[in-house]
Every structure is written in structure tokens, then in C-alpha cells.
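Chemist: Sharing a structure here in C-alpha cells format.
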Amino acid sequence: MHALAVISIALLPTSSTWAAPKYKVPHAFTGGNDGGGLYGGLALDSHGNVYGTTSGGGTYGQGIVFQLTRGSNDKWSESVLRNFPSFPDDGQGPTSSPALDLAGHLYGTTVGGGDHHSGVVFELAHDTLAESILYNFCTKPKCSDGGSPDAGLVIDKSGSLFGTANAAFELSPGGDGWKETALHDFTGQHGDGSEPSARVILDAAGNLYGTTEDGGGNNPLCSGGCGIV
């Protein structure tokens, strides 16, 4: 497995022009216990700590959730918050950016593992780092939510989670647990998109925006369509 890194580039404005950016590598991953294979982006908390996931590495080789903390000497240190195990009742292989709520709880998705081997939505508690599986994905014809989500989640003001896994979905918290609602099933037909793989965004009115890799109609340059917004 190739070693990958988290990088930071500081852009410092001057009175007239941008100064040369200062490039730094806070952590270079080895593919071992510190994780390896970064496909998603990062999340930043109010203290400047950086959070992310790797699809491989860790104790069981199924990926990790990590935190990078800057020390007083400007050196960064990594903490592994979660090692995803190799058995199916937990998630495996996260490829998405994590999301943080106002209380510091961390949410994310995995492409594998779970009750149906099609990935999960998980939560890591801020104080204890205890993991909760909020939802197990499954694929058609048994379920309409899709499976193996590549993308991460976005959180609205009420604490609901939104994401994509072939279908766009919403997870809403309630007294009896989390409820999943499929908002749109991507078909790739009649101008519709297919294969969403990036995190969606929400505007102030609660409208959801996203992209798909494929679909959008016939195009000689793209065998499955060139994608849509």
C-alpha cells in the first residue's frame, strides 16, 4: 500500500499580493497501525484539531478514524479514534470525509461491513469515543437506499444527516432510534444521474445539492453519461 499524507498549505495575505504559500506535511501515513489510503477530505473542530478516515490500515487492516492535533512546538501528532474490525457487524473501509456536530460527535460512512455487507453510517461519541451504528445499508431488490456509500454526510440544524449511496437519503434522530428516508433513487435513465460519490451540501432553505459521476443522458464522450449536478 502506498504511503499517503495529510498536507497543509498556509496562504498568508500581504498588503498587495499573496505571499508564497508555506507547505507542510502534518502526517505521512504508513499503511500500518496509523492507517493508509485516504480518499475523503477532512473535518476541523473549533480547537483546530483535524479529523479524517483511511480505507485501509489500522489494527485489523479495515481502516481507521484519526485525529491530528497540533502541539505547542508546531508538531502534529496522530491519534487513532477507531479501528474498524474485520468482522461484518461493524463498518469496514471508510472512504469519506467525517462530519462533526456542535457537540463534537463525529459521523461517517463506510463502503463495506454492516449487517448486509453494504456499509454503515456510524457515530463516534465526543467524550467516550464509543461507536454507534446508526444505519446498515443494503442493496436492491431488498432495499431502496443503495449500498456502499463513497461519500460522507452533512448535518442540518435539527441534527438530521444527509448523504448518498445510489439513493440520496436522510437519517433523522428520534426517540426510538434513527429513521432512514430515501429522498431520490438515481437511475441513470431519462437524463437522471447515477453513481453519486461526493458529499452533498445544504443551503439555508434546506435544499440539497450534489453531483453524480455518470448519467445525464447519452454522450459520445462518456459511455454511461458524463454526470449531473
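The values are calculated or read from the model by the stated rules, or taken from the named source; none is laboratory data. For clarity, every value in this text was computed on a predicted model and none was experimentally measured. Methodologically, a virtual Cβ is constructed for each residue, glycine included, from the backbone with ideal geometry; neighbour enumeration extends over all protein chains shown.
Chemist: Please find, among 101, 115, 89, the residue that is in contact (Cβ under 8 Å) with a residue 24 or more places away in the chain, loosely packed, with under 15 Cβ neighbours inside 10 Å, more than 12 Å from the chain's Cα centre (by Cα) and closer than 16 Å to residue 159 by Cα. Spell out how you get there, then give the answer.
Modeler: Values: 115 fails: closer than 16 Å to residue 159 by Cα; 89 fails: closer than 16 Å to residue 159 by Cα.
None of the other options fit; the residue is 101.
Chemist: Another question, then. Taking the stated definitions as given, is residue 157 among the basic types (Lys, Arg) and out of contact with any strand residue (DSSP E or B) (no Cβ under 8 Å at 6 or more places or on another chain)?
Modeler: Numbers: among the basic types (Lys, Arg): yes; out of contact with any strand residue (DSSP E or B) (no Cβ under 8 Å at 6 or more places or on another chain): yes.
Yes.
Chemist: Identify all residues within the range 205-229 that are part of a loop (DSSP other than H, G, I, E, B), aliphatic (A, V, I, L, M) and at pLDDT 95 or above; write none if there are none.
Modeler: Filtering the range 205-229 for residues part of a loop (DSSP other than H, G, I, E, B) gives 205-207, 210-213, 216-218, 220-221, 223-229.
After this cut, where a residue has to be aliphatic (A, V, I, L, M) as well, the list is 205, 221, 228-229.
Those that are part of a loop (DSSP other than H, G, I, E, B), aliphatic (A, V, I, L, M) and at pLDDT 95 or above: 205, 228, 229.
Chemist: Among the residues of the range 130-142, is there at least one that is under 16 Å from residue 39 (Cα atoms), touching a Gly at 6+ places or on another chain (Cβ under 8 Å) and not in a loop (DSSP other than H, G, I, E, B)? Quick ask: steps written out before the conclusion?
Modeler: Within the range 130-142, the first condition is being under 16 Å from residue 39 (Cα atoms), and the residues that meet it are none.
The answer is no, given that none of the residues of the range 130-142 is under 16 Å from residue 39 (Cα atoms), touching a Gly at 6+ places or on another chain (Cβ under 8 Å) and not in a loop (DSSP other than H, G, I, E, B).
Chemist: Follow-up. Could you check how many residues of the range 193-229 are free of Cβ contacts under 8 Å to residues at least 40 places away in the same chain, under 27 Å from residue 99 (Cα atoms) and surrounded by 11 or more Cβ atoms within 10 Å (Cβ to Cβ)?
Modeler: Of the range 193-229, the ones free of Cβ contacts under 8 Å to residues at least 40 places away in the same chain are 193-195, 203-205, 207, 209, 211-229.
Adding the requirement that they be under 27 Å from residue 99 (Cα atoms) leaves 193-195, 203-205, 207, 209, 211-214, 227-229.
After this cut, where a residue has to be surrounded by 11 or more Cβ atoms within 10 Å (Cβ to Cβ) as well, the list is 193-195, 211-214, 227-228.
Selection size over the range 193-229: 9.
Chemist: Out of the residues in the range 123-149 that are within 17 Å of residue 87 (Cα to Cα) and touching a residue at least 40 places away in the same chain (Cβ under 8 Å), state the one that is surrounded by the most Cβ atoms within 10 Å (Cβ to Cβ). Steps first, please.
Modeler: Pass one, the range 123-149, residues within 17 Å of residue 87 (Cα to Cα): 131-133, 135-138, 148.
Retained after the next criterion (residues that are touching a residue at least 40 places away in the same chain (Cβ under 8 Å)): 131, 133, 135.
Working: 131: 18, 133: 17, 135: 22.
Of everything passing the filter in the range 123-149, 135 is surrounded by the most Cβ atoms within 10 Å (Cβ to Cβ).
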